[in-house]
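Asks: Below is a structure I'd like to ask you about.
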Amino acid sequence: MKESIHFDHVRLHPSQQIGLHQQPTWELSMIVEGNGMRTIGSTTEPFEKGEVVLVPPETLHQWQFEANDEWIENITITFSQELIETVAATFPELRITFLQLAETSEAIKFSGSTLSALKGGLKQMCHQTKAERLVMMLRLMVLIAETKERYAIGRRTYETEAEQRLKQIEIFISCNYKREVSIADIAQYVGMNRSSLCTFYHRQTGKTLVAALTEHRLSVAQHLLRHSSLTIQQVCYECGFNDVPHFCRMFKRMFQVTPKEFRKQE
């Protein structure tokens, strides 16, 4: 890196987002607009606008935004391990704090007053000079190292090539189940041809990709029936089915009860 920190504030269409990746630098990211599914290491979970996350170096990660969002916006700062070590070695007052930060091995999400302070600082950086941004970043790094309003949301994993590919498939399904999905779509995403992908997935899991997609949709339907007031018809369309009778048949085949019976039980 030619600079101590690299500041990036972008607003773009969901189709332009970066896929699963890793880099040798630390990354502090704030989601200004948009929501969807976040993957860090082996952990995939929903995210909403307003979150701030610190990702350690060499950690696979991505934010998969909802395709129906008109625009997404985020602020991202990357900085090197060398910066942390240089500050620790140069300023005795900051040595312990920055060495604590350097030892962080898990991705961290923030809450409470810490989250508010981080968001405020990152927004200020949009209007600052490079020198002012560096000073602000040092303040934020001290806050990150010392706060207790933080919790782990994923860590660097050491996966085989097959495990990484299965994770890619899982991510694609979890982010695209609402729309019509073909095996060709999944194959293109993971970089395999259709036949090889089907053979690989069946060998690894014992089931087909179509079955995996259906199971995910039905699990989402089960969640919606339990936790929302959507009608059965709305649940059907919300989880990716386009025919209510077919949806009800598949639901009963998997859970031994109809959607209506399931909701009554719950």
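The values are calculated or read from the model by the stated rules, or taken from the named source; none is laboratory data. From a predicted model like this one, the values you see are computed outputs, not experimental measurements. Here Cβ is always computed from backbone atoms with ideal geometry, including for glycine, and neighbour counts include all displayed protein chains. In case anyone asks, the SASA skips ligands and DNA or RNA and just uses the protein heavy atoms, side chains included. Shrake-Rupley method; radii C 1.70, N 1.55, O 1.52, S 1.80 Å.
Asks: Take every Cα-Cα distance within the chain, group them into 5 Å bins from 0 onward, and report for each bin the whole-number percent of pairs it holds.
Replies: Result returned by the calculation: 1, 5, 11, 14, 15, 14, 11, 10, 7, 6, 3, 2, 1, 0.
Asks: Let me ask another. For the chain, set up a GNM with springs between Cα atoms under 10 Å and report which of Leu118, Leu60, Leu143 has the largest fluctuation.
Replies: Comparing Leu118, Leu60, Leu143 in a Gaussian network model of the chain, the most mobile one is Leu143.
Asks: Which of Gly50, Gly34, Gly206 ends up with the largest GNM mean-square fluctuation for the chain, with Cα atoms connected below 10 Å?
Replies: Gly206
Asks: With all protein chains present, how much of the accessible area of the chain (probe radius 1.4 Å) comes from carbon and sulfur, to the nearest whole percent?
Replies: Using a 1.4 Å probe with all protein chains present, the chain comes out at 50 percent carbon and sulfur.
Asks: On the full set of protein chains, 1.4 Å probe, figure out the accessible area of Lys207 and give it in Å² to the nearest 10.
Replies: 70 Å²
Asks: Based on the mean of other beta carbon atoms within 10 Å per residue, what is the order of 25-32, 41-48, most packed first?
Replies: 25-32, 41-48
Asks: So for the chain, taking the charge dipole from beta-carbon charges (+1 Lys/Arg, -1 Asp/Glu), which of Val235, Thr39, Tyr189 sits furthest toward the positive end?
Replies: Ranked along the dipole, the leading option is Val235.
Asks: A follow-up question, please. Once you keep just the Cα pairs under 8 angstrom separated by 6 or more residues, what percentage relative contact order results for region 166-262?
Replies: This gives 24 percent for region 166-262.
Asks: Another question about this same structure. Relative contact order, percent, of the chain when contacts are C-alpha pairs under 8 Å separated by at least 6 residues?
Replies: The normalised contact order for the chain reaches 16 percent.
Asks: Turning to a different aspect of this structure: Express in % the proportion of alpha carbon pairs of region 143-239 at distances exceeding 20 Å.
Replies: Of all Cα-Cα pairs in region 143-239, 51 percent lie more than 20 Å apart.
Asks: Still on this structure, I have one more. What size of dipole, in debye to the nearest 20, comes out for region 1-129 about its Cα centre when the only charges are +1 on Lys and Arg C-beta atoms and -1 on Asp and Glu C-beta atoms?
Replies: Details: 8 positive and 17 negative charges, 46 e Å.
With only Lys, Arg, Asp and Glu charged at Cβ, the dipole is about 220 debye.
Asks: If you don't mind, there's one more thing I want to ask. Over region 1-114, calculate the relative contact order: mean separation of alpha carbon pairs under 8 Å at least 6 apart, over the residue count, as a percent.
Replies: 33 percent
Asks: How big is the dipole moment of the chain about its Cα centre under a simple scheme where the beta carbon of each Lys and Arg is +1, that of each Asp and Glu is -1, and everything else is neutral? Debye, nearest 20, please.
Replies: In debye, rounded to 20, the chain gives about 800.
Asks: Got a sec? Charge dipole of region 72-184, +1 on Cβ for Lys and Arg, -1 for Asp and Glu; which of Tyr151, Ser80, Gly120 is way out at the positive end?
Replies: It is Gly120.
Asks: Work from the charge dipole of the chain (Cβ charges, +1 for Lys and Arg, -1 for Asp and Glu, about the Cα centre) and give the residue of Pro14, Phe255, Tyr201 farthest towards its positive end.
Replies: Farthest towards the positive end: Phe255.
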